[in-house]
Amino acid sequence: MRLSPVTMILRGYTYEQVRCVAEVLLDSKYICNMEITLNTEGAYETIKKIADEFQGRLNIGAGTVQTYDELLKAVEAGAKFVLSPRMMTKDMLYYCKTNGIISVPGAFTPSEIAESFTDGADIVKVFPANEVSLSYAKKVCEPMGDLPLMAVGGISRDNVKEALESGYQYVGTAGGLFKKEDIVSLNKENLMESLARFEEQLRCD
């Protein structure tokens with residue numbers, strides 16, 4: 001499994017609301033990853049239901065995975081990729097590597113980024129990316145090589161193209177793609193319009 005350039009982060013939504021987003025993303029060419037954060041009520045149950053229905057058509061993953069126990073539960077529920085706001089332990093990264101799970105630990109400094117890749121990370125999430133300029137990734141990669149970095153924090157329709165042209169190979173967004181009220185109200189028509197406007201920024205000229 002390969003991740004698409006954009007990951008939709010879903011935090012605090014019900015199964016029905018997450019399912020509505022999943023149905024909209026089935027029509028996307030660029031956004032095939034859905035991350036359900038573990039600090040959501042009933043997160044494991046939602047991951048299981050969504051993974052059972054959409055895995056193979058969308059990449060279903062878990063976010064805010066901070067402990068080994070949480071990692072095991074997320075994978076058992078059906079997550080195929082996992083993100084964390086912080087660095088993952090070597091044991092967590094080894095488990096991901098040996099079980100075919102894409103690992104995306106969080107890091108901020110060049111040393112943390114390098115250590116995460118040395119320990120076996122597939123992608124490193126720069127978080128919070130909006131606390132530095134988007135050119136931060138390019139500056140990190142200049143001496144360290146072409147690293148698969150993901151920007152999370154402050155990514156929206158207005159800057160997603162810049163992020164992907166400034167050294168980041170991936171981005172994650174929570175509120176920069178869909179309006180929260182449209183997800184909550186299951187307004188599929190508005191969600192599809194928001195998706196279309198976001199993807200206009202991703203199309204190659």
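For the stretch 32-44, how many residues are out of contact with any helix residue (DSSP H, G or I) (no Cβ under 9 Å at 6 or more places or on another chain) and either in a strand (DSSP E or B) or closer than 19 Å to GLY172 by Cα (or both)?
Adding up the residues that qualify gives 2.
Can you report the number of residues in the stretch 39-53 which are within 16 Å of the chain's Cα centre (by Cα) and surrounded by fewer than 23 Cβ atoms within 10 Å (Cβ to Cβ)?
3
Yes/no per residue for (1) among the charged types (D, E, K, R); (2) more than 19 Å from ALA151 (Cα to Cα); (3) open to solvent by less than 50 Å² (accessible area, probe 1.4 Å):
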| site | (1), (2), (3) |
| --- | --- |
| THR89 | no, yes, no |
| ASN99 | no, yes, no |
| VAL104 | no, no, yes |
| GLU115 | yes, no, no |
| GLU131 | yes, no, no |
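Of ILE60, ILE47, which residue is over 21 Å from GLU162 (Cα atoms), aliphatic (A, V, I, L, M) and not in a strand (DSSP E or B)?
Numbers: ILE60 fails: not in a strand (DSSP E or B).
Within the list ILE60, ILE47, the selection yields ILE47.
Is there a residue being more than 23 Å from GLU193 (Cα to Cα), open to solvent by 10 Å² or more (accessible area, probe 1.4 Å), assigned to a loop (DSSP other than H, G, I, E, B) and at pLDDT 95 or above anywhere in the stretch 9-31?
Looking through the stretch 9-31, none of the residues is more than 23 Å from GLU193 (Cα to Cα), open to solvent by 10 Å² or more (accessible area, probe 1.4 Å), assigned to a loop (DSSP other than H, G, I, E, B) and at pLDDT 95 or above.
Conditions tested, residue by residue: (1) in contact with an Asp or Glu (Cβ under 9 Å, 6 or more places away or on another chain); (2) closer than 29 Å to TYR68 by Cβ; (3) touching a residue at least 12 places away in the same chain (Cβ under 8 Å).
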{"site": "PRO128", "(1), (2), (3)": "no, yes, yes"}
{"site": "VAL140", "(1), (2), (3)": "no, yes, yes"}
{"site": "ASN159", "(1), (2), (3)": "no, no, yes"}
{"site": "GLU165", "(1), (2), (3)": "no, no, no"}
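Within the stretch 178-200, does at least one residue satisfy the condition of being more than 15 Å from MET8 (Cα to Cα), open to solvent by less than 40 Å² (accessible area, probe 1.4 Å) and either part of a helix (DSSP H, G or I) or of a type in the set (A, V, I, L, M) (or both)?
No, the stretch 178-200 contains no residue that is more than 15 Å from MET8 (Cα to Cα), open to solvent by less than 40 Å² (accessible area, probe 1.4 Å) and either part of a helix (DSSP H, G or I) or of a type in the set (A, V, I, L, M) (or both).
List every residue pair whose Cβ atoms sit under 9 Å apart, with the two residues 6 or more apart in sequence or on different chains, where the first one lies in the stretch 96-113 and is farther than 23 Å from ASN130 by Cβ and part of a loop (DSSP other than H, G, I, E, B) and the second, anywhere, is open to solvent by 10 Å² or more (accessible area, probe 1.4 Å) and at pLDDT 95 or above.
These pairs meet every condition: ASN99/VAL75; GLY100/LYS80; ILE101/VAL75; ILE101/LYS80; ILE101/TYR95; ILE101/ASP122.
Consider only pairs whose beta carbons are under 8 Å apart and that are at least six residues apart or on different chains; among these, list those whose first residue lies in the stretch 176-205 and is more than 14 Å from LEU164 (Cβ to Cβ) and whose second residue is open to solvent by 70 Å² or more (accessible area, probe 1.4 Å) and assigned to a helix (DSSP H, G or I).
LEU186/GLU16; ASN187/GLU181
Identify all residues within the stretch 50-107 that are of a type in the set (S, T, N, Q) and either on the phi < 0 side of the Ramachandran plot or out of contact with any strand residue (DSSP E or B) (no Cβ under 8 Å at 6 or more places or on another chain) (or both); write none if there are none.
Result: GLN55, ASN59, GLN66, THR67, SER84, THR89, THR98, ASN99, SER103.
Which members of the stretch 135-147 meet the condition of being surrounded by 16 or more Cβ atoms within 10 Å (Cβ to Cβ) and either more than 21 Å from ASP122 (Cα to Cα) or touching a helix residue (DSSP H, G or I) at 6+ places or on another chain (Cβ under 9 Å) (or both)?
Answer for the stretch 135-147, where residues must be surrounded by 16 or more Cβ atoms within 10 Å (Cβ to Cβ) and either more than 21 Å from ASP122 (Cα to Cα) or touching a helix residue (DSSP H, G or I) at 6+ places or on another chain (Cβ under 9 Å) (or both): TYR136, ALA137, VAL140, LEU147.
Please go through the stretch 124-175 and pick out each residue that is hydroxyl-bearing (Ser, Thr, Tyr) and in contact with a Leu (Cβ under 7 Å, 6 or more places away or on another chain).
Listed by number, the residues that qualify are SER166, TYR168, TYR170.
The values are calculated or read from the model by the stated rules, or taken from the named source; none is laboratory data. Bear in mind that the values here come from a model prediction, so they are computed numbers and not experimental data. Reconstructed Cβ throughout: ideal geometry from the backbone, glycine too, with neighbour counts over all protein chains shown. Please note that ligands, DNA and RNA were not included when accessible areas were found on the heavy atoms of the full protein model with its side chains. Shrake-Rupley method; radii C 1.70, N 1.55, O 1.52, S 1.80 Å.
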